[in-house]
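The structure appears right after this line, and notes come after that.
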Amino acid sequence: MARLNTIRIWSRLRAAFSEASHLKVAMVIDFYPPVIGGAEVQLAALTPRLRAAGVDVRVVTRAVPGMPGFELLDSVPVFSGFTA
């Protein structure tokens, strides 16, 4: 029974990724460039690739003094100003 459920889940995931134009992803991270760290660099490299594949990607970050609450960086919408 568990194996059948696993197969169903993977089948649904495959279907979702094959229809990437309908896929929406919010990437939540503490910071995003120009604040640089390992995770930020990885996410900055990943988001344009996902967008090129038709995925609607948005980045949500913490507030950074001097940074706007919203900006487009390399065509990626970045929302900042949230506190944990």
Any pair with Cβ under 8 angstrom, 6 or more apart, that starts in the stretch 44-66 at a residue that is more than 16 Å from ALA26 (Cβ to Cβ) and ends at one that is assigned to a strand (DSSP E or B) and at pLDDT 90 or above: none
Among residues of the stretch 24-71, those that are surrounded by 16 or more Cβ atoms within 10 Å (Cβ to Cβ) and either acidic (Asp, Glu) or in contact with a His (Cβ under 6 Å, 6 or more places away or on another chain) (or both), counted: 1
Set ALA2, ALA63, ALA20: member being over 14 Å from the mean Cα position of the chain (by Cα) and modelled with pLDDT under 65: ALA2
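The values are calculated or read from the model by the stated rules, or taken from the named source; none is laboratory data. Please read all numbers here as calculations on a predicted model, not as lab measurements. With ideal geometry, Cβ positions are generated from the backbone for all residues, glycine too; neighbour counts draw on all protein chains shown.
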